[in-house]
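The values are calculated or read from the model by the stated rules, or taken from the named source; none is laboratory data. All values reported here derive from a predicted model rather than from experimental measurement. Positions of Cβ are generated from backbone atoms using ideal geometry, with glycine treated the same way; all protein chains shown enter the neighbour counts.
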Amino acid sequence: MENDLTSSDIISYALTGAKLTKSFVCKQHNQYTNDTYEKKFIAGLDFYRNMLGLTTRDGKPIQYTADLTIGDLEIHDVKISDRQALYSPKDVVVGRDEQGKKVILAPQQRLEKFKNANYEIIDISDAMIHKTMSSDSFTNNEALHSIGKIAYEWYCYIHCIEEYIENKYEEIVSYILNNENREDIVTIVNDGRHYTPIDYCSEIGTNSFYEYDDSDGYRYVVFDLWNTIAYKVRICKSDLAAKIKYSKPVIALYQYRIDGSSRETIFAICQGDFNTELHLSTLNIKKLTLEEWSVFVKRLEKLGSTFILTLRSMFPKVRNIEANLSKFENGQIELAHLLDFEDSTTIGIIQVLNILYENRTSYNFSESFSKNIQNIFALNDTTLAMNQEQKRNFLLELKQLNQEGILIDYMKNGISIFYQIYQNEQEKNEDLL
């Protein structure tokens, strides 16, 4: 019955800025999968979602649980959202010490309101946040079944399938709805023929999909989460009577970016000989070794040190920097607040704005923003990384400019050229990429 159908986020809003929904899912089943798998899966990814700059539906930063080291003090299970919540909290920050006793961090004047409380003044300027990147968040039952649902719904969406075909999709649907414990439906790709080309044509934070017919006789959807970990999901038996032989390029790649944009491109997954039967190798999830997981940890670490340079993604951040700069100029906030308590993305954006200003005479307004970014920064795409040493050096430069009294003009120049570029793209009716 059509009245029993509900709109479903094919890719959960919690995983992407690109909205992809369709009303073709039974309300009862959608509620079941949401309560049984997806809520727990999403909660397990809060740390990574925060690093990507994703927010709650009402625009608030994602909270995650981590450990803090402040001098000799170890505080565990602390709820953290952004750097301001830690370094300049409006409310108390709560955790537990090594003995399990509650520890509260807050401004001194706030702690003084607690009767009979013992407190000491500590310097949190060098506080270290610790978070273990556990494989469980990506390989537990909730994760695998959520991924299975995402891949199946995406496959139905792309092929305009709006009804259940039992003899074709029985396995994948039963796996999703009956909470089946199977190792052959959802697996993790461990094949350079996927990761090498996907790194070339995709950006950190982008969710990518493609389908292909494997030499084992089944059709699969490959879902690459944030350009970090790729899952291979068995959808159905291949429609092809004979095993397909692939020649490159043949596979359509669908990308849903963190800034809300999306695109379809060609994915050259086959390397070497033409007319090759394709089989992507996978890992045994139940026997995943530390060495195997360490490869994905390196990919996940990029979420916190890499940001995407598109007008769509930069615009709200530049607006926020501009608002804080006005407050700083009027003496309402201090330098630490202006620099967002040394948030990596904010520092990176400020540096990009300055480089755009320095290259304003060579900026080609007839070309797209993406093309100019690639030319100015010598990039293959619009992904820019900043390591800790680069960040530290640039922070020292900003602090020196502030001491010299020229930081405000320095930042205003960068913001000004950005708005010129943004207006130019709007006038060209570009998609602000």
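Which of the residues that make up region 248-257 are of a type in the set (A, V, I, L, M) and at pLDDT 85 or above?
Within region 248-257, Ala252, Leu253 meet the criteria.
Examine region 340-353 for a residue that is modelled with pLDDT of 95 or more and either in the same structural domain as Asp259 (by TED's automatic domain parsing) or more than 20 Å from Ile204 (Cβ to Cβ) (or both), and state whether such a residue exists.
Scanning region 340-353, I find at least one residue that is modelled with pLDDT of 95 or more and either in the same structural domain as Asp259 (by TED's automatic domain parsing) or more than 20 Å from Ile204 (Cβ to Cβ) (or both), so the answer is yes.
Return a yes/no flag: does region 24-43 have any residue that is touching a strand residue (DSSP E or B) at 6+ places or on another chain (Cβ under 8 Å), among the aromatic types (Phe, Trp, Tyr) and modelled with pLDDT of 85 or more.
no
For region 144-173, give me the residue count where each residue is buried (at least 17 other Cβ atoms within 10 Å of the Cβ) and of a type in the set (A, V, I, L, M).
Within region 144-173, residues that are buried (at least 17 other Cβ atoms within 10 Å of the Cβ) and of a type in the set (A, V, I, L, M) number 6.
What residue, among those in region 324-336 that are outside any loop (DSSP other than H, G, I, E, B) and at pLDDT below 95, is surrounded by the most Cβ atoms within 10 Å (Cβ to Cβ)?
Here the residue is Ala336.
Could you list, in sequence order, the residues of region 366-393 that are polar (S, T, N, Q) and either over 18 Å from Asp199 (Cα atoms) or modelled with pLDDT of 90 or more (or both)?
Correct list: Ser366, Ser368, Asn372, Asn375, Asn387, Gln388, Gln390, Asn393.
Can you tell me which residues in region 187-210 are farther than 17 Å from Val221 by Cβ, among the small types (Gly, Ala, Ser) and touching a residue at least 24 places away in the same chain (Cβ under 8 Å)?
Gly205
Kindly indicate the residue of region 374-397 that is over 25 Å from Thr206 (Cα atoms) and charged (D, E, K, R) and also surrounded by the fewest Cβ atoms within 10 Å (Cβ to Cβ) among those meeting that condition.
So the residue we want is Glu389.
I need the full set of residues from region 174-195 which are buried (at least 19 other Cβ atoms within 10 Å of the Cβ), aliphatic (A, V, I, L, M) and either part of a helix (DSSP H, G or I) or not assigned by TED's automatic domain parsing to the domain that holds Tyr212 (or both), in order please.
Ile176
Does Asp224 fit the bill of being over 27 Å from Thr16 (Cβ atoms) and either at pLDDT 90 or above or not β-branched (Val, Ile, Thr) (or both)?
For Asp224, the condition - over 27 Å from Thr16 (Cβ atoms) and either at pLDDT 90 or above or not β-branched (Val, Ile, Thr) (or both) - is not met.
Taking the stated definitions as given, is Ile355 under 19 Å from Leu407 (Cβ atoms) and either in a helix (DSSP H, G or I) or among the polar types (S, T, N, Q) (or both)?
Yes; evaluated as a whole, the condition is true for this residue.
Starting from region 128-143, take each residue that is over 19 Å from Glu38 (Cα atoms) and list its partners that are assigned to a helix (DSSP H, G or I), counting only C-beta distances under 6 angstrom and pairs at least six apart or across chains.
Sorted first by the residue in region 128-143, then by its partner, the pairs are Lys131/Phe47; Met133/Val297; Met133/Leu300.
I want to confirm something. Restricting to region 272-323 and keeping residues that are of a type outside the set (A, V, I, L, M), outside any helix (DSSP H, G or I) and closer than 30 Å to Lys428 by Cβ, which single residue is modelled with the lowest pLDDT?
So the residue we want is Phe307.
Restricting attention to region 394-433, and to residues there that are touching a Leu at 6+ places or on another chain (Cβ under 8 Å) and among the aromatic types (Phe, Trp, Tyr), which single residue is modelled with the lowest pLDDT?
Ranking the candidates gives Tyr422 first.
Of everything in region 199-221, what is in contact with a Leu (Cβ under 7 Å, 6 or more places away or on another chain) and part of a strand (DSSP E or B)? Give them in sequence order.
Asn207, Ser208, Tyr210, Tyr212, Asp213
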